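A quick write-up on the structure given underneath.
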Amino acid sequence: MTKAEVISEISQKTGIEKADVLTTVEAFFKVVKDSMADGQNIYVRGFGSFVNKKRARKVARNISKNTSLIIDEHFIPSFKPSKTFVAKIKGSKKITGDVSAKAPKAAKGTKKAKA
């Protein structure tokens, strides 16, 4: 589902104009981004938490040049769904999208048949 589809569905369910819903959704995303950039976590009861996770300093390898580089500690945005959100998804019977439609990959060492 795209952002446009979400906005359209919210507009249909609430009766609010699409332009107003778009403004509200964009404002929500801006608040989330700005708050997390300032180091604040966001907790939405019944939905989940937007949190900053700290990644430690580490040494990484560039195998093509055979060199090492240091990656300083940094923060990564993360989303942790609430228990009620997870329970609702687990209870869902319908799965849509590309995940179930993908064909299984051929095992290593086997050749794919040409069409």
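Taken together, the values in this text are just the output of simple stated rules run on the coordinates, not laboratory data. Keep in mind that this is a model prediction, so the values were computed, not measured. Counting neighbours? That spans all protein chains shown, and the Cβs are built from the backbone with ideal geometry, glycine included.
Does Ser35 qualify as being within 26 Å of Lys88 (Cα to Cα), hydroxyl-bearing (Ser, Thr, Tyr), over 16 Å from the mean Cα position of the chain (by Cα) and surrounded by 10 or more Cβ atoms within 10 Å (Cβ to Cβ)?
no
Just to confirm my filter: which strands (runs of 3 or more DSSP E) fall fully inside the range 47-96 and include at least 1 residues that are of a type in the set (Ser, Thr, Tyr)?
Qualifying strands (runs of 3 or more DSSP E): 48-55, 67-71, 74-81.
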